[in-house]
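So the structure is just underneath, and the comments pick up after that.
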Amino acid sequence: MRKTLTVLGFLAVFPAGLANADDDCFVPMADWQPRDAVARLAEENGWSVRRIKIDDGCYEIDGTDATGRRIEVTVDPATLQVLEFEYEDDEHRRRDRGAPSHD
C-alpha cells in the first residue's frame, strides 16, 4: 500500500513539473549570444532597457516599450527568439506568448 501511495504521489507531481519546464531555457552557455546582442534586439524593437538578467536559463529584459509601457520579455539565449512578452500594468497584467503584436 505504501509503495502505491508513493507512486501515485510521484505521478501527481510529475506532470506539474513538466508544465513549469516550458518557461525554462536549456541551452549550453557555449551557445549563448552575448548580452550586447540582447541589448541590440531591444533597441531594434524600440524598447528601453532597465535591466537584462538571466532567469530560468533564459535572458529576461525588463524595461519599457516605445510607448512607455513597462514590459518584461523572455528571450532564448541562443536564438534570441522572443519566448514570452508581458506588459506590466499597475491595474492588471497581460501576458502574451511569443512576439508582441503591433496594434
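The values are calculated or read from the model by the stated rules, or taken from the named source; none is laboratory data. None of these values were measured; they are calculated from a predicted model. Backbone-built Cβ (ideal geometry, glycine too); neighbour counts: all protein chains shown.
Could you tell me how many of the residues in region 59-74 are of a type in the set (A, V, I, L, M, F, W, C), surrounded by 15 or more Cβ atoms within 10 Å (Cβ to Cβ) and either over 21 Å from Asp23 (Cβ atoms) or touching a helix residue (DSSP H, G or I) at 6+ places or on another chain (Cβ under 6 Å) (or both)? If you could, list the steps in order and put the result at the bottom.
Taking region 59-74 as the starting set, the residues that turn out to be of a type in the set (A, V, I, L, M, F, W, C) are 61, 66, 71, 73.
Add one more test, that the residue is surrounded by 15 or more Cβ atoms within 10 Å (Cβ to Cβ), and what stays is 61, 71, 73.
Cutting the leftovers down to either over 21 Å from Asp23 (Cβ atoms) or touching a helix residue (DSSP H, G or I) at 6+ places or on another chain (Cβ under 6 Å) (or both) gives us 61.
Total meeting the criteria: 1.
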I need every pair where a residue in region 36-49 that is of a type in the set (A, V, I, L, M, F, W, C) and surrounded by fewer than 17 Cβ atoms within 10 Å (Cβ to Cβ) has its Cβ under 7 Å from the Cβ of a residue that is assigned to a helix (DSSP H, G or I) and at pLDDT 95 or above, sequence separation at least 6 or different chains. Val49/Ala39; Val49/Ala42
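Taking region 68-82 on its own, how many of its residues are among the acidic types (Asp, Glu) and either at pLDDT below 95 or assigned to a loop (DSSP other than H, G, I, E, B) (or both)? Give the derivation first.
Our first condition is that a residue be among the acidic types (Asp, Glu); within region 68-82, this holds for 72, 76.
Okay, now just the ones that are also either at pLDDT below 95 or assigned to a loop (DSSP other than H, G, I, E, B) (or both), so 76.
Residues that pass the stated criteria total 1.
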